[in-house]
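Okay, structure first, notes after.
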Amino acid sequence: MSTPLAAESLGTSHTLPAWIRPALIAAGVFVACWGGAIVWWRVSARVPGPQEWISLLFGLPLTALLAAFVGGKWIARRAAAPADTTPATPAHASGAAAQPVRARHLAILATALRAPHGASAEELAAAIADNKARPDPDRELVDDDGFPVMCARCPDAHDDALQEDVLAWLAAHGMEDPHFGAEQWRALTLASAVAAELAGRAAIEWIVRDDAIPRLQVLPLLPADWSTGQRDAAAAWLRHAAAQAGWQGEIGQAAAGADPAAGIARLADIAAAAEQPCVTLVVACASHVGNATVARWTLDRTLFTATQPQGMMPGEGAAGLLLAASSDGGAVALLAPPEHAQDDPAADLRRRHDARVLEALVERTLAHADVAAADVAMIVADTGHRARHVLELMEYASAQLRQLDGSADVVRVGAAGGYSGIVAFVTALALASHYALARQAPVLCIANEVPGCRLAALVRPAV
């Protein structure tokens, strides 16, 4: 029941008790004060009286510690003011108040999933509602103690015939063997199915419309640890898969870097910079279901085990969105492009969390989407089982979106599918499209498992 995100070094067993540091500071202050008093008395050749003994040996250090405590609290309160608070701007001569810039919504024409508990948003939503979507002890993977690893495995992630087709096609087009590992093949297999499904549905859509076929650009969001050659080979194959699915127009590739979170955050820029008319096929994939990941996470002490309850559960999947700059009546939902905020990657190592980054991010997202917090009907997040992220999400929802029922209106994709990187957030967007249509109300999507980054987006019904 997890969606952990980054290989984090869990510091539970290596963290000193919280009282050690202040105790050492207090002892240092007393030693310094006592040592100074003794030296002063010896140099001055004075015999201190009882009142002087008490004042210098106890009063002085206690006063210093109290002053440091009060000063620290004052500094902390000053620092607690949101860093991104916008200062008041002078009124213009016209007297018009400054308004937040409204985001340009993207039309979600279709979604596709290959998740451990569903091959569509509808199937996954039903499994989550029935409480059937969760990682299970795996039949193949075991930890160092010989116990089955808690894992979320896709049943159709292995296809030997597809692997042969990919290698033959790459060789025929002059591309070197990318040397995909077993887990990378699983991810590419799932991504190929998602890309083909979305491209096929888009082809049918434009045949029905009988309009000029726009340019299709493919935006692959691949794991950051893939090499440049592997990323290029996968992107080329996914464009070929879209063509094989029946898309008759031009197919290009949207710029995608090594950071999938940055790629999803740039959706608005990608859509704005694309030639018009244009359709963007976003496909994210990842797989951590394999002995290589289990060995690496065991070595890093980031694998979920009985002794590492805050570790990660291997997961896999692929998720895709078919997006257009305008709906033309064919959208199932509208997406306000994701907003992102940087966070301290080391925050994942701390037990306590700071909700201010998430709160400020969501406030900006709602303002740009021109939606009031009271109108949000659900939250769909990539959050898994790790306590820090769950608390951050639930405390935000209970404090800022009090109209939501924490058990029925907050869906944690990560608790169903294990760790799958940015795939969990794209899956959340696909699920949000389903929920927005079903509830006819806006749905907030949040990613708080990505190390060093927070993402938020709003999905609303098209009508």
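All of the numbers you see were taken from the coordinates with simple rules; none came from a lab. Because the structure is predicted, anything quoted here is derived from the model rather than measured. Reconstructed Cβ throughout: ideal geometry from the backbone, glycine too, with neighbour counts over all protein chains shown.
Brief remarks follow.
- Remark: the residue 207-residue 394 segment gains 62.8 nm on full extension, using 0.36 nm per residue and subtracting the alpha carbon distance.
- Assigned charges on the beta-carbon of Lys, Arg, Asp, Glu; the range 386-453 dipole about Cα centre (debye): 40 debye
- Projected label points at residue 292 and residue 253, each 7 Å from Cα along the beta carbon direction, are separated by 1.9 nanometres.
- Using the Cβ-Cβ distance between residue 373 and residue 68 with R0 set to 51 Å, the FRET efficiency works out to roughly 0.80.
- Rg/Rh ratio calculated on Cα atoms of the range 106-461 (Kirkwood radius): 0.95
- Mean separation of Cα contacts under 8 Å (6+ apart) over length of the range 106-461, as relative contact order %: 23 percent
- Fully extended contour minus Cα-Cα distance, from residue 123 to residue 24, at 0.36 nm per residue: 30.0 nm
- Amide N proximity, the range 293-337 versus residue 144 label position 7 Å along Cα-to-Cβ, cut-off under 19 Å: 293-314
- Relative packing of 380-390, 278-288, which averages over residues the other C-beta atoms within 10 Å, highest first: 278-288, 380-390
- Peptides 443-456, 202-215, 308-321 ranked from most to least packed by the mean count of surrounding Cβ atoms within 10 Å: 308-321, 443-456, 202-215.
- This model, with +1 at the C-beta of Lys and Arg and -1 at the C-beta of Asp and Glu, gives the range 106-461 a dipole about its Cα centre of some 680 debye.
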